[in-house]
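Here the structure is laid out as structure tokens; the discussion comes afterwards.
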Amino acid sequence: MEMMGIVILSLLYFLLFISCFWIIVFLDNLAILWDDPKSKKKYSISAIIPAYNEEKAIIKTINSLLAQDYPKDLFEIIVVNDGSTDNTKSVCEDFAKKGLITLINKRNGGKASAMNKAIKVAKNELIYVLDADSFAQKDSFKQLIGYFNNPKVAAVTSSMEVTSKNTMVQKIQWIEYFFSIFMRKIMSLFNCLYVTPGPGSIYRKKVILEVGGFSENTLTEDMEIAFNIQNHGYIIENSLNSKVLTNTPDKLSALIKQRRRWYTGFIEDSISYKHFYMNKKNGFLGMFLLPTNVLSVGILIFLVLHSLRKLFYGTISSFSKMNSINFDIFSIIKTPSFSKIFFSIDIFLIIGLITLFFSMIIIYYSLKTSNQRINIKKNFIDYISYFALYSFLMAYFWADSIIYKIFLRRDNVGWKYGKSKA
Amino acid sequence: MVKAKHNTNFYFIMAFFLSLILFVSGISIGFLLDNLKAQDINSNLQEIEESLKEAETELLLMDYFEGNFSCDYLMFKSADLGERAQTIGENVVLFEASNQVNLETYISLKKEYMRILLNNWLTLENIKESCNANYSTILYFYNNNECPDCENQGYVLSYYKNLMKENLMIFSLDAGLNMSSIDLLKYNYNITTYPALVVDGEVYEGFLDSTSLGQILFE
């Protein structure tokens, strides 16, 4: 066997090992995954909505918080209009006049600065953050607060699902978000969450102040704060029952911008917190999760490049062959016989199929975790597009972010998919 | 904190063993399939070898009786042998691409296949002469190591085989196998570059596209 063959088999084994690991953890802890602790006291909550040009979505966002099944005297809503140039300000003023929200208008300074401003005026013990294009389900607060019985818990994240799946790009994200829900819950079992997403994460205010608030110099303030919290020895939990819906990019160009920000943010935060890597003090997060994540990205890019290389040369070779018979394609088409299929099966195909099968099991459990009915007939296109395109897209996003970080990155922190939208 | 039931070491060990079992099973299935493929090619080669011997005997009998009473039968049989040899040849090529572990088995199978192919060619040439058959035969010399055009040449030949069916018999010979029988043919036809074709006894060196080969076959 050639060296390249051995390398590819080793990489496939690594991916298989990782898949097996998560599946075993999931199945072993199935009984406790949905158990949110009962709250021993009623915490007061300040819900913050940082907003920049969100006139279309923000009414629904505010209403989702007003509809929370939680004592009204125990929570407040603070909307920070971060210098919007649309009608966000006037839309929010209607709520403010009725005394339903506190509205802060400030000059544009980015999402982190908007949240830090709100934290300064927040009166309550817990800070709930909700992006202006996301919507909390009405029992969201109740599901989250029980975790704060443990004084070491600094933050709890919600399960984030997508609002719509109209385009192919959204269909892929629809499944990806379920996968993230699955992964975050399992990661929380080992206290290794390193992101507290903008939609629906709740923090202990005292800890946020202790760690210095949200960093205004990072592309991903929700990741930086999570690293910072972990760095201070606190715990981040996750609730499967607290659900938040969020709008996702509907076009590939918007998704590329969003992922460039996310993954470049990850690279930068990883550099800032490089002492986490292979550090026993950071437990499972430092010794296993972060290194394997980086390794998995490398493997993904390598395998996709290898596949694309084969595809490229295969296409050129096929074109050359077709050219040699003057493109009389129909004369050479044969129905594939059993013998041909049998003789085409090799070790790579077998190991690749086993790895793919286990990836499918993870997606199956991801959908089950979010109580989704597996309807292959109805969602066939969604599943196929996910499995056919996701690896390629992820490899592209990561490669794009690495190149962006090395050659193009300037210190611009702002808003929305290409900037500071979580 | 909601903690996992077991510590991480437990999950690492479980995942390690599960993935190892799956991985080893996958590799073992791969080995098993390679063996099955080799067995399949071997048994087919043996069948063809027997049929060839039978055909040779029939040719001798025909000479003895100085007649062509069994020409139709022999021509039918020769076409069948040609088809079967071609299928085995395609399987040998696929086996080469998929076989990652057993190079020796592949080389010995391929050499055996080449020997039978040459016997097949000789038999078909004899039948052609004895029975005045009108099929064309092509000896195709290729070399996997020093022939960028060989893949395309093989494709053009498959194209004509598809078009002409039993009227064209192709014998693809791997010149890189260091077989004295193939070297003898190369010497006889004075072949120095690849791809090289011997179409009904005429030698053509270099790549022949479908138009050029068509002109030779249908002239």
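Within chain A, the whole DSSP H helices whose Cα atoms reach 18 Å or more along their own axis and whose mean Kyte-Doolittle score is at least 1.6 are A:3-28, A:347-369.
Under the simplified labelling scheme, the A:Lys152-B:Thr193 pair shows an inter-label distance of 7.7 nm, with each label point 7 Å from Cα along Cα→Cβ. Modelled spin labels at B:Glu104 and A:Leu30, positioned 7 Å past Cα toward Cβ, are 4.8 nm from each other.
Can you tell me the FRET efficiency between A:Leu305 and A:Asp73 if r is taken as the Cβ-Cβ distance and R0 is 56 Å, rounded to the nearest 0.05?
Numbers: r = 58 Å, r/R0 = 1.03.
With R0 = 56 Å, the Cβ-Cβ based efficiency is 0.45.
Ellipticity at 222 nm from helices only: DSSP H runs of n ≥ 4 in the protein assembly as shown, each -39500 (n - 2.57), divided by the residue count, give -19500 deg cm²/dmol. The order of the peptides A:362-371, A:26-35 by mean Cβ neighbours within 10 Å, most packed first, is A:362-371, A:26-35.
Full extension from A:Lys280 to A:Ile381: what is 0.36 nm times the residue separation minus their Cα-Cα distance, to one decimal in nm? It would help to have the intermediate numbers written out before the result.
On the way: separation 101, 0.36 × 101 = 36.36 nm, distance 4.36 nm.
In short, 32.0 nm is gained.
Contour minus end-to-end for A:Lys60 and A:Phe338, with contour as 0.36 nm per residue of separation and end-to-end as the Cα-Cα distance? Walk me through the intermediate numbers first.
Values: separation 278, 0.36 × 278 = 100.08 nm, distance 5.73 nm.
94.3 nm is the gain from fully extending A:Lys60 to A:Phe338.
Axis angle, to the nearest 10 degrees, between helix B:180-189 and the longest C-alpha principal axis of chain B: 50 degrees.
For chain A, what does the relative contact order come out to in percent, with C-alpha contacts under 8 Å and a separation of six or more? If you can, show how the numbers build up before the last one.
Details: 649 pairs, mean separation 87.2, N = 422.
Relative CO of chain A lands at 21 percent.
With a 10 Å cut-off around each Cβ of A:16-24, the average count of Cβ atoms from other chains is 6. Rounded to the nearest 10 degrees, the angle from helix B:8-65 to the longest Cα principal axis of chain B is 10 degrees. A:Tyr263: net charge of surrounding residues, Cβ under 11 Å, Lys/Arg +1, Asp/Glu -1, itself excluded? Net local charge, A:Tyr263 excluded: +1. Using only Cα coordinates, the Kirkwood hydrodynamic radius of segment B:171-219 works out to 11.7 Å.
The simple spin-label model puts a point 7 Å past each Cα toward its Cβ; for B:Asn162 and B:Asn35 those points are separated by 3.6 nm. With a/c under 1.5 counting as rounded, go ahead and sort segment A:89-194 into rounded, prolate or oblate using the C-alpha gyration tensor (a ≥ b ≥ c being the square roots of the eigenvalues; past the cut-off, prolate if a/b is larger than b/c, else oblate). Oblate. Among B:Gln86, B:Gln153, B:Gln39, the largest mean-square fluctuation in a Gaussian network model of chain B (Cα springs under 10 Å) belongs to B:Gln39.
With the convex hull built on the Cα atoms of segment A:310-354, state its orientation-averaged projected area in nm².
Values: hull surface 17.1 nm².
Mean orientational projected area (segment A:310-354, Cα hull): 4.3 nm².
With 26 Å as the limit on Cα-Cα distance, the pairs of A:Lys38/A:Lys280; A:Lys142/A:Lys205; A:Lys377/B:Lys5; A:Lys42/A:Lys281; A:Lys138/A:Lys257; A:Lys120/B:Lys3 that go past it are A:Lys38/A:Lys280; A:Lys377/B:Lys5; A:Lys42/A:Lys281; A:Lys138/A:Lys257; A:Lys120/B:Lys3. Counting only other chain Cβ atoms within 10 Å of each residue's Cβ, the peptide A:294-300 averages 0.
A simple count of charges around B:Leu36, restricted to other residues whose Cβ falls under 15 Å of its Cβ and scoring Lys, Arg +1 and Asp, Glu -1, yields -1.
Kirkwood Rh over Cα pairs of the protein assembly as shown into Stokes-Einstein at 20 °C, 1.002 mPa s: D in µm²/s?
Working: Rh = 29.4 Å.
Value of D from the Cα-based Kirkwood radius: 73 µm²/s.
Taking the charge dipole of chain B about its Cα centre, with +1 at Lys and Arg Cβ atoms and -1 at Asp and Glu Cβ atoms, the residue from B:Asn42, B:Phe23, B:Leu168 reaching farthest to the positive side is B:Phe23. Counting only other chain Cβ atoms within 10 Å of each residue's Cβ, the peptide A:353-359 averages 2.
Dipole of the protein assembly as shown, Cα-centred, from +1 at each Lys and Arg C-beta and -1 at each Asp and Glu C-beta, to the nearest 20 debye? Kindly include the intermediate steps, with their values, before the conclusion.
Numbers: 63 positive and 63 negative charges, 1213 e Å.
So the magnitude is around 5820 debye.
Distance between the C-alpha centres of segment A:131-195 and segment A:201-226: 17 Å, rounded to the whole angstrom. Stretched out straight at 0.36 nm per residue, the stretch from A:Asp139 to A:Asn105 would grow longer than its current Cα-Cα span by 9.4 nm. For a 4.7 Å threshold on C-beta separation, the list of partnerless cysteines in the protein assembly as shown reads A:Cys20, A:Cys92, A:Cys192. Ordering A:231-241, A:384-394 by mean Cβ neighbour count within 10 Å, with the highest value first, yields A:231-241, A:384-394.
Could you give the longest part of chain B that holds none of the trypsin sites (Lys or Arg not before Pro) found in DSSP loops with at most 15 neighbouring Cβ atoms within 10 Å?
B:6-219
Computed from the coordinates by the stated procedures, all read-outs in this text should not be read as laboratory data. Just so it is clear, the structure is predicted and the values come from calculations on it, not from any experiment. Reconstructed Cβ throughout: ideal geometry from the backbone, glycine too, with neighbour counts over all protein chains shown.
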